[in-house]
Amino acid sequence: MGGRYKQALYQSTKEVRDEKTTHDFAFVSDMEKAISFFTDIIGLKLISRDVVARFDIDGVLFELVPVSDKTKLHGSGNARLCLKVDNIHQALEELHTKGIHSSHVHEVENGMLASFNDPDGN
């Protein structure tokens, strides 16, 4: 991946092409904290764990990969884990009640988008 990783919520206002991503990952510095964030806060289901932690997001494999070199956590890339929601304002309110800060909702070409950070600031 090699770049700055960002989490986002997305609410679509029009039908988008059904392009299939099969796999994505994020580097993390503290595996336990990251697993807790993605399971307890975001609501993803952990499907397996060994050196990496794996989650299934509607058929897409998402992995948390531990890294000791902290320079790999942040970069200048434009990677994003974008989670589609039915109501972006309600989803953001749920995140806010769990202590997660987010950007303001931004109108984009085919919907609305808001970003938030994981425990590593991605």
ask   = For residues in region 103-122 being free of Cβ contacts under 8 Å to residues at least 60 places away in the same chain and surrounded by 14 or more Cβ atoms within 10 Å (Cβ to Cβ), which is farthest from residue 34 (Cα to Cα)?
value = 105
inquiry  = Looking at region 38-62, I want the residues that are at negative phi and have a partner that is of a type in the set (Gly, Ala, Ser) and not in a strand (DSSP E or B) with Cβ atoms under 9 Å, at least 6 apart or on another chain. Which pairs are those?
reply    = 41/99; 53/34
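A short reminder: the numbers here are calculations on the coordinates, not readings from a lab. In this text, all values refer to a predicted model and were calculated from it rather than measured experimentally. Every residue, glycine as well, gets a Cβ built from its backbone with ideal geometry; the counts of neighbours run over all protein chains shown.
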